[in-house]
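Accompanying notes for the structure given below.
The values are calculated or read from the model by the stated rules, or taken from the named source; none is laboratory data. Predicted, not measured: the structure shown is a model, and the values here were computed from it. Note that we place each Cβ from the backbone using ideal geometry, even for glycine, and neighbour counts take in every protein chain shown. Surface accessibility is based on the protein's heavy atoms, side chains included, excluding ligands, DNA and RNA. Shrake-Rupley method; radii C 1.70, N 1.55, O 1.52, S 1.80 Å.
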Amino acid sequence: MNAVDLHGQDELRELYRELILDHARSPRHFGGLPGATHSAEGINPLCGDKLTLYLRLDDDGTIADAAFEGSGCAISVASASLLTDLVIGMPVEQALGYFDAVTSRLTGSGAAGPADIDLGKLRALDGVREFPSRVKCATLAWHALDSAINRRPAPASTE
Ligand code: ZN
């Protein structure tokens, strides 16, 4: 790797940092969701992040709309914002594929997740892998997504 590549990586890191800050400051799809068919609460006691994710599913299993509300650190809010942005218009199976891909990528659990998934902007969350406690902030909304779709009764907790 030469100096130019390193510079490129720094630039990418900066872009991702900006993306996270932008979503944390101005979360997309923030608020309640009238007509929601699925919802789940996510709690990360270590950091104090608490959010509720709402989904409105069409009869054919497409996520017609998504929203979230709650409070948490910048990473947890940005992750939920990116999530809702991503999954609207997506079949639930595909959204669950992203759940697998994001959680396994960030926790380094080995499984690479479905190979055909393009993480795109979600790569902005990669930075948390260096900080194990922040991984829970970044994956919280994704666990809530899984809970909402699969109608798990208890709040999705990172503990
Ligand atoms: Zn947090």
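Quick check on my filter: what residues within segment 46-99 are within 16 Å of the ligand (Cβ to nearest atom), free of Cβ contacts under 8 Å to residues at least 60 places away in the same chain and surrounded by fewer than 16 Cβ atoms within 10 Å (Cβ to Cβ)?
Scanning segment 46-99 gives G48, S71, A74.
Do you know which residues across segment 15-45 are β-branched (V, I, T) and within 16 Å of the ligand (Cβ to nearest atom)?
Selection gives I20, I43.
Sort out which residues of segment 30-45 are on the phi > 0 side of the Ramachandran plot and either open to solvent by less than 30 Å² (accessible area, probe 1.4 Å) or within 14 Å of the chain's Cα centre (by Cα) (or both), and write them in order of number.
G31
Kindly establish whether L19 is open to solvent by less than 20 Å² (accessible area, probe 1.4 Å), among the aliphatic types (A, V, I, L, M) and touching a residue at least 60 places away in the same chain (Cβ under 8 Å).
Spelling it out, it is not the case that L19 is open to solvent by less than 20 Å² (accessible area, probe 1.4 Å), among the aliphatic types (A, V, I, L, M) and touching a residue at least 60 places away in the same chain (Cβ under 8 Å).
Run D118 past the list (1) without any contact (Cβ under 8 Å) to a residue 12 or more places away in the chain; (2) within 13 Å of the ligand (Cβ to nearest atom) and report the number of the one that doesn't hold.
Every condition holds for D118 apart from (2).
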